[in-house]
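Each remark here refers to the structure printed beneath this line.
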Amino acid sequence: MSGIPAEIDTPDIVVDLEVLERNIERMAAALRAKGLRLRPHAKTHKMPEIAARQLAAGAVGLTVATIGEAEVFAEHGATDLFIAYPLWIGPRQAERLRRLAGTARIAIGVDSVEGAEAAGRHLGSAAGDIEAVVEIDSGHHRSGVLPEQAVVVARAAAAAGLRVGGVFTFPGHSYAPGMPAKAVEEEQQALGRAAGLLAADGFEITRVSGGSTPTAELTGAAGASAGAEQGASAEPVGSAEPVGDPALTEVRPGVYVFGDAQQFELGRCTLADIALTVAATVVSRHEGDDTTPRRVVLDAGSKVLGGDRSAWATGFGRLMDHPEARITALSEHHSTVVWPDGSDLPALGERLRVVPNHVCVAVNLVDDVAVVRAGELVDRWRVAARGKNA
């Protein structure tokens, strides 16, 4: 059984509501048990219907990547938003942030003196309405400063009129085989060092924010704030001296709501945990011979699956019901799937469920998604924050 309702035309993104809700509750319960606040990254799903379920399950707010995403979720009732990105703020961005701050609690990332000064200059008297969170490089080596540079950035943000609330990082190097546990250790060391230095410099730290889907359930909580209930007022953390293993106050996983082929191959989810697939139809079929591979071609290409493939990934996605098959090539509207010997090739016209490698990219490629429960189509949800890249 493909589990694809007959009303769905392929290719189409399909969300299994039962699995989605189970994933949301599991993560919320796991972090609640550790005394960690959950602030899920909504760039993964971009849908108010999913955000509402995350908040109802106990999330204290949402993480987003852009002002545009923040605007969409604020319009749908979100009141606590962290733009976890080192924004470069000019006059237009400042005006949008001022409007947002009128309806929601807004925090932004900063990772440079110049960025903090630009934010303060353009926000003007509204700068105090925005919380600045210093981004720390904990090993991913993308944006973020080294822990020893956190005080300089925080002082600049404070001098610019922003409220310095704490530190955050993205342990993106956890997205590789064997790396999640190491990334957690490096994340906690970097955040601990940075939070301790800021506390020693007189800053009241209320946010120590980390986490990714591969590391979220590996992250521990320790220290005075570890027992705080989700939703409780943030208490200062850190000590007069730099510390090496602090309590994170919040964790920001995103992909966990859906799962994807990357998480499956990393061992961070099972196929039963995957809530989002792409419905696809077999449009070409070849038994193969000594010179050509045994394969089928599906009507779901890079324009619906996305083209991401990490160096360690075994293909351009996986098949939900045939995990031994491999997607070896993508064109815009074709997936080439090499089929193992000993298994029957799917028939022409057969419908299969494809698990994208990187679900965040796939969702951003469509206007809406089909929502199913027990194999029946129950709704369609608009990807409301699709394309809100600025």
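The values are calculated or read from the model by the stated rules, or taken from the named source; none is laboratory data. Source: prediction; values computed, not measured. Please note: Cβ atoms are built from the backbone with ideal geometry, for glycine as well, and neighbour counts cover all protein chains shown. The accessibility values were calculated without ligands, DNA or RNA, using every heavy atom of the protein model including side chains. Shrake-Rupley method; radii C 1.70, N 1.55, O 1.52, S 1.80 Å.
Couple of notes before you dig in:
- Tally, over the stretch 137-155, of residues that are more than 25 Å from Thr79 (Cα to Cα), in contact with a Leu (Cβ under 9 Å, 6 or more places away or on another chain) and not acidic (Asp, Glu): 4
- Top-ranked residue of the stretch 158-176 - restricted to ones that are part of a loop (DSSP other than H, G, I, E, B) and of a type outside the set (A, V, I, L, M), ranked as surrounded by the most Cβ atoms within 10 Å (Cβ to Cβ): Thr169
- The residue of the stretch 137-157 that is nearest to Ile89 (Cα to Cα), among those that are open to solvent by less than 40 Å² (accessible area, probe 1.4 Å) and polar (S, T, N, Q), is Ser143.
- The residue that is modelled with the lowest pLDDT, among those in the stretch 177-192 that are of a type outside the set (Gly, Ala, Ser) and surrounded by 22 or more Cβ atoms within 10 Å (Cβ to Cβ), is Pro180.
- Residues of the stretch 9-31 that turn out to be open to solvent by 60 Å² or more (accessible area, probe 1.4 Å) and either in contact with a helix residue (DSSP H, G or I) (Cβ under 7 Å, 6 or more places away or on another chain) or not in a helix (DSSP H, G or I) (or both), as a count: 2
- Candidate set: the stretch 90-125, residues that are out of contact with any strand residue (DSSP E or B) (no Cβ under 8 Å at 6 or more places or on another chain) and among the hydrophobic types (A, V, I, L, M, F, W, C); chosen: the one farthest from Asp80 (Cα to Cα): Val113
- When the stretch 208-220 is limited to residues that are open to solvent by 10 Å² or more (accessible area, probe 1.4 Å) and within 25 Å of Ala65 (Cβ to Cβ), the one that is modelled with the lowest pLDDT turns out to be Glu217.
- Residue among Trp381, Trp339 that is open to solvent by less than 50 Å² (accessible area, probe 1.4 Å), without any contact (Cβ under 8 Å) to a residue 60 or more places away in the chain and hydrophobic (A, V, I, L, M, F, W, C): Trp339
- Inside the stretch 305-334, residues that are part of a loop (DSSP other than H, G, I, E, B), open to solvent by less than 30 Å² (accessible area, probe 1.4 Å) and at pLDDT 95 or above make up a count of 5.
- Filter result for Ala6 (out of contact with any helix residue (DSSP H, G or I) (no Cβ under 7 Å at 6 or more places or on another chain), of a type in the set (A, V, I, L, M), crowded, with 21+ Cβ neighbours inside 10 Å and outside any helix (DSSP H, G or I)): no
- The set of residues from the stretch 32-57 being under 16 Å from the mean Cα position of the chain (by Cα), assigned to a helix (DSSP H, G or I) and closer than 23 Å to Gly220 by Cα comprises Gln54, Leu55.
- Taking the stretch 254-267 as the range and being surrounded by 24 or more Cβ atoms within 10 Å (Cβ to Cβ) and assigned to a loop (DSSP other than H, G, I, E, B) as the test, the residues that pass are Phe258, Gly259, Asp260.
- Among the candidates Ser343, Ser302, residue that is at pLDDT 95 or above, farther than 25 Å from Asn23 by Cβ and hydroxyl-bearing (Ser, Thr, Tyr): Ser302
- Tally, over the stretch 348-378, of residues that are closer than 17 Å to Asp321 by Cβ, in a strand (DSSP E or B) and open to solvent by less than 50 Å² (accessible area, probe 1.4 Å): 4
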